[in-house]
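J.: Take this structure first; my questions come after.
The values are calculated or read from the model by the stated rules, or taken from the named source; none is laboratory data. The structure presented is a predicted model; accordingly, all values stated were derived computationally and were not measured. Positions of Cβ are backbone-derived with ideal geometry, glycine not excepted, and every protein chain shown enters the neighbour counts. Surface accessibility is based on the protein's heavy atoms, side chains included, excluding ligands, DNA and RNA. Shrake-Rupley method; radii C 1.70, N 1.55, O 1.52, S 1.80 Å.
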Amino acid sequence: MAARAVALAALVALLAPAPADDPPDRAPAGVHKAEAVASSPKITGSGMAWWGDRLIVADRGGKRLLAFTPPDKFETFAEGLTPVGVAAAPDGSLVVVDRGDDGPRLLRFTADGKRTVLASDDVGTPQFLAVHATGTVYWSGFPDGGTRVLAPGGKPTALATKIGHTYGAALSPKQDWLYVSSKLPNAERRGVWRFPLDAKGVPGEAEFFLKVQALEPDVPDLPAAKDGAKSLLGWVGRLQGIAVDSLGNLYVAGAESHTSGEAVAVVAPDGKKVAAMILGVPRNVSGLAFGGADGRTLFVTGAGEYPLHQVRLPVRGAGR
């Protein structure tokens, strides 16, 4: 009888609606507005990652890793390096690209701040990072190092499909795709590539997935483009950061070439439609990362003297 009661209680819990304070994820739509974090210092920001209960930001200009604990606490986590890419690993560590005097190299940090060198040979020109559930690390190569991969216990390997000026790196919700953004000056080739990943995180041949010039942001309440153009190209500039939410939407933005205005574009999972636009961001967006207690805050860094920006969205980041 007791076992039956337990089973019935479990069934009731399973069928019960989600708590009001934890609504189901919804795809962003329309225009959203980012704002600067009031207590943020100005940062020459790059990549970042939500790690534990705080955001770790690569402050390249300050030669440090900056930790932000919402709502207003900023403190230095590590110094003496020139950090670029940052990614949380499944073993609880933090993987960081260092382009300082001893770089380029990949470092691994533990929560107490201890660092070890993960890789320093054959790393190319590392920029941003993504880490698979298997522990496999992927990184982009700007300007010309190509996309590379490091499996646990292995050595860095350059992927056969060499994509020029890769910058951002992110994984799909099921971790069956690796996305890399390309910052090429050639507008025809500017966009997002993706590599298929098998269950072990091994990449296949890449394909050109999202062409920025071919997308038109038909989004309600979006201000008219300053240059009158229909293309998304002038809104996101030369792509840098990239993020993915739990529904598979891609978030892209960049620096330079902003002829229409500045924005982070939210592109549908099939890469064919702009679902939403995020305004109020730094002119030179560098990094994008989801975080916060519920995973529904998108953080934005700028490649210049900008404070950290944030925007609340109705969806969690992938893996959050």
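J.: Would you check if G80 is at pLDDT below 95, of a type outside the set (S, T, N, Q), open to solvent by 10 Å² or more (accessible area, probe 1.4 Å) and on the phi > 0 side of the Ramachandran plot? Give the derivation first.
T.: Values: at pLDDT below 95: yes; of a type outside the set (S, T, N, Q): yes; open to solvent by 10 Å² or more (accessible area, probe 1.4 Å): yes; on the phi > 0 side of the Ramachandran plot: yes.
For G80, the condition - at pLDDT below 95, of a type outside the set (S, T, N, Q), open to solvent by 10 Å² or more (accessible area, probe 1.4 Å) and on the phi > 0 side of the Ramachandran plot - is met.
J.: Cβ-Cβ distance below 6 Å, separation of 6 or more or different chains: which pairs start in region 246-273 with a residue that is under 20 Å from S286 (Cβ atoms) and end on one that is surrounded by fewer than 17 Cβ atoms within 10 Å (Cβ to Cβ) and of a type in the set (D, E, K, R)?
T.: These pairs meet every condition: T259/D227; S260/K226; S260/D227; G261/K226; E262/R283.
J.: On to the next question. Can you tell me how many residues within region 287-298 are assigned to a loop (DSSP other than H, G, I, E, B) and either in contact with a Gly (Cβ under 6 Å, 6 or more places away or on another chain) or more than 22 Å from P83 (Cβ to Cβ) (or both)? Give the derivation first.
T.: At the first step, the residues of region 287-298 found to be assigned to a loop (DSSP other than H, G, I, E, B) are 292-296.
This time we only want the ones that are either in contact with a Gly (Cβ under 6 Å, 6 or more places away or on another chain) or more than 22 Å from P83 (Cβ to Cβ) (or both), so: 293-296.
Qualifying residue count for the region: 4.
J.: Quick check on region 311-320: of everything there that is in a strand (DSSP E or B) and closer than 17 Å to G30 by Cα, which residue is most open to solvent (accessible area, probe 1.4 Å)?
T.: Step by step, filter region 311-320, then rank; the result is R312.
J.: Looking for whichever is farther than 23 Å from R148 by Cβ and buried (at least 24 other Cβ atoms within 10 Å of the Cβ) here; the options are V274, V236. Which one fits? Before you say what the answer is, go through the steps one by one.
T.: Values: V274 fails: buried (at least 24 other Cβ atoms within 10 Å of the Cβ).
None of the other options fit; the residue is V236.
J.: Working carefully through the options P28, P41, find the one that is surrounded by 12 or more Cβ atoms within 10 Å (Cβ to Cβ), farther than 27 Å from S246 by Cα and touching a residue at least 24 places away in the same chain (Cβ under 8 Å). Steps first, answer last, please.
T.: Details: P28 fails: farther than 27 Å from S246 by Cα.
After applying the criteria, what remains is P41.
J.: Mind listing whichever residues of region 176-199 are farther than 19 Å from T161 by Cβ and out of contact with any helix residue (DSSP H, G or I) (no Cβ under 6 Å at 6 or more places or on another chain)? Before the answer, list the steps.
T.: At the first step, the residues of region 176-199 found to be farther than 19 Å from T161 by Cβ are 185, 187, 199.
Across region 176-199, the qualifying residues are P185, A199.
J.: Quick check: is even one residue across region 201-222 among the β-branched types (V, I, T), in contact (Cβ under 8 Å) with a residue 12 or more places away in the chain, within 23 Å of V31 (Cα to Cα) and touching an Asp or Glu at 6+ places or on another chain (Cβ under 9 Å)?
T.: Taking every residue of region 201-222 in turn, none turns out to be among the β-branched types (V, I, T), in contact (Cβ under 8 Å) with a residue 12 or more places away in the chain, within 23 Å of V31 (Cα to Cα) and touching an Asp or Glu at 6+ places or on another chain (Cβ under 9 Å).
J.: If you take the residues of region 290-305 that are of a type in the set (A, V, I, L, M) and open to solvent by less than 10 Å² (accessible area, probe 1.4 Å), which of them is nearest to M48 (Cα to Cα)? Quick ask: steps written out before the conclusion?
T.: To start, the set of residues in region 290-305 that are of a type in the set (A, V, I, L, M) comprises 293, 298, 300, 303.
Now drop any that are not open to solvent by less than 10 Å² (accessible area, probe 1.4 Å), which leaves 298, 300.
Numbers: L298: 11, V300: 9 Å.
Only one residue tops the list, namely V300.
J.: OK, next. From the residues in region 90-99 that are more than 17 Å from D112 (Cβ to Cβ) and not basic (K, R), which one is surrounded by the most Cβ atoms within 10 Å (Cβ to Cβ)?
T.: Residues of region 90-99 that are more than 17 Å from D112 (Cβ to Cβ), as a first pass: 90, 97-99.
Those left that are additionally not basic (K, R): 90, 97-98.
Working: P90: 12, V97: 28, D98: 25.
Only one residue fits best here, namely V97.
J.: Could I ask something else about it? Could you please let me know if R296 is at pLDDT below 95 and either farther than 24 Å from S46 by Cβ or not acidic (D, E) (or both)?
T.: Values: at pLDDT below 95: no; either farther than 24 Å from S46 by Cβ or not acidic (D, E) (or both): yes.
The answer is no for R296.
J.: Of A119, A87, A58, which residue is more than 23 Å from I242 (Cα to Cα), buried (at least 19 other Cβ atoms within 10 Å of the Cβ), among the aliphatic types (A, V, I, L, M) and modelled with pLDDT of 95 or more?
T.: Numbers: A87 fails: more than 23 Å from I242 (Cα to Cα); A58 fails: more than 23 Å from I242 (Cα to Cα).
Exactly one of A119, A87, A58 is more than 23 Å from I242 (Cα to Cα), buried (at least 19 other Cβ atoms within 10 Å of the Cβ), among the aliphatic types (A, V, I, L, M) and modelled with pLDDT of 95 or more, namely A119.
J.: What are the residues in region 239-259 that are closer than 19 Å to F142 by Cα, of a type in the set (A, V, I, L, M, F, W, C), buried (at least 23 other Cβ atoms within 10 Å of the Cβ) and out of contact with any helix residue (DSSP H, G or I) (no Cβ under 8 Å at 6 or more places or on another chain), if any? It would help to see each step written out before you state the result.
T.: Taking region 239-259 first, the residues closer than 19 Å to F142 by Cα are 239-243, 252-257.
Add one more test, that the residue is of a type in the set (A, V, I, L, M, F, W, C), and what stays is 239, 242-243, 252-253, 255.
Among the residues that remain, those that are also buried (at least 23 other Cβ atoms within 10 Å of the Cβ) are: 239, 242-243, 252-253.
Of everything in region 239-259, those that are closer than 19 Å to F142 by Cα, of a type in the set (A, V, I, L, M, F, W, C), buried (at least 23 other Cβ atoms within 10 Å of the Cβ) and out of contact with any helix residue (DSSP H, G or I) (no Cβ under 8 Å at 6 or more places or on another chain) turn out to be I242, A243.
J.: Which residues, counting only those in region 44-55, are open to solvent by 20 Å² or more (accessible area, probe 1.4 Å) and under 27 Å from A275 (Cα atoms)?
T.: Quick first cut of region 44-55, residues open to solvent by 20 Å² or more (accessible area, probe 1.4 Å) only: 44, 50-54.
Result: W50, single match.
J.: Scanning region 61-76 for residues that are more than 15 Å from V97 (Cα to Cα) and assigned to a strand (DSSP E or B), which turns out most open to solvent (accessible area, probe 1.4 Å)?
T.: My answer is K73.
J.: G228 is checked against (1) open to solvent by 20 Å² or more (accessible area, probe 1.4 Å); (2) under 22 Å from R26 (Cα atoms) and fails just one. What number does that condition carry?
T.: Only one criterion is unmet by G228, namely (2).
J.: Among the residues of region 84-130, how many are in a strand (DSSP E or B) and more than 22 Å from L178 (Cα to Cα)? Show your work before the answer.
T.: Narrowing region 84-130 to residues in a strand (DSSP E or B): 84-88, 94-98, 105-109, 115-119, 126-130.
From the residues that got through so far, the ones that are more than 22 Å from L178 (Cα to Cα) too are 109, 115-117.
Total satisfying the criteria: 4.
J.: Sticking with this structure for a sec: Among V236, V219, V244, which is closer than 18 Å to P269 by Cβ, in contact with a Ser or Thr (Cβ under 8 Å, 6 or more places away or on another chain) and β-branched (V, I, T)?
T.: Working: V236 fails: in contact with a Ser or Thr (Cβ under 8 Å, 6 or more places away or on another chain); V219 fails: in contact with a Ser or Thr (Cβ under 8 Å, 6 or more places away or on another chain).
Unique residue meeting the criteria: V244.
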